[in-house]
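See below for the structure under consideration.
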Amino acid sequence: MGEIRESYLVAASSAVALLREPAVAAAWEKPSALLEFSVAGLAGHLAYQLVRVDALLPGTERDVDPIPLLEHYTRSAWVQAGLDHESNVGIRQAGEAAARQGPATVAGGAESLLAAQRSALPAEPDDRIVHIASSGWSLRLDDFLLTRVMELVVHSDDLAASVGLETPALPAAVIDPVVDLLARLAVHRHGATAVIRTLSRAERAPATISAF
């Protein structure tokens, strides 16, 4: 099994463990660290990353070439849209809707999906292409899994911060590809000079090099 597939399973396992934390259930109805998201909605969105993978595994590829990973982000409306853009409103609404099942059901559903994916992912061919119906284009499966690893890492930090827990510790095999992806997205959005200055020259750093 490829490295990114193993990294996804590690990140997903960590996210499921976080969803099981009593502190998450205790804060379910409270605001989260993200604007416009409750803790429940954020937990639902975190769990939804496993749903996204599950939806693609049965065989949704089409006879088209996959686009590069960076282009996936440059094409996606939510990346640079504001909180009130329909794409971001839809993301929040989906998370909140999933959360209505309650913390135990959300965590249990994610756990069941993870168990199935532990068996399914190693069997997928190295060149597997998946079609993302909501976007209208295709990616290599491993590129799509990297997008989910990034979401799992970032939103696990969001959820932990929302309920007063330490951010889950993850191995370099998970963190390194996420840092690399976010750096590439930051360079694309702000330019190499801005990113280099922020990492090396605090006195000349721009206000932000956020990837999104």
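A few points about this structure:
- For the stretch 100-150, the set of residues classified as hydroxyl-bearing (Ser, Thr, Tyr) and free of Cβ contacts under 8 Å to residues at least 60 places away in the same chain consists of THR105, SER112, SER119, SER134, listed by residue number.
- Restricting the stretch 113-162 to residues that are of a type in the set (Val, Ile, Thr) and at pLDDT below 95, the residue that is nearest to GLY2 (Cα to Cα): ILE129
- Taken over the stretch 183-193, the criterion of being open to solvent by less than 50 Å² (accessible area, probe 1.4 Å), in contact with a helix residue (DSSP H, G or I) (Cβ under 8 Å, 6 or more places away or on another chain) and either without any contact (Cβ under 8 Å) to a residue 60 or more places away in the chain or among the β-branched types (Val, Ile, Thr) (or both) is satisfied by ALA183, ALA186.
- Entry remark, the stretch 99-145: residues being open to solvent by 20 Å² or more (accessible area, probe 1.4 Å) and among the aliphatic types (A, V, I, L, M) number 8 in total.
The values are calculated or read from the model by the stated rules, or taken from the named source; none is laboratory data. Remember, predicted model here, so these are calculated numbers, not experimental data. Cβ coordinates were reconstructed from backbone atoms using ideal geometry, including for glycine residues, and neighbour counts include every protein chain displayed. Keep in mind that these areas ignore ligands, DNA and RNA; they rest on the heavy atoms of the full protein, side chains included. Shrake-Rupley method; radii C 1.70, N 1.55, O 1.52, S 1.80 Å.
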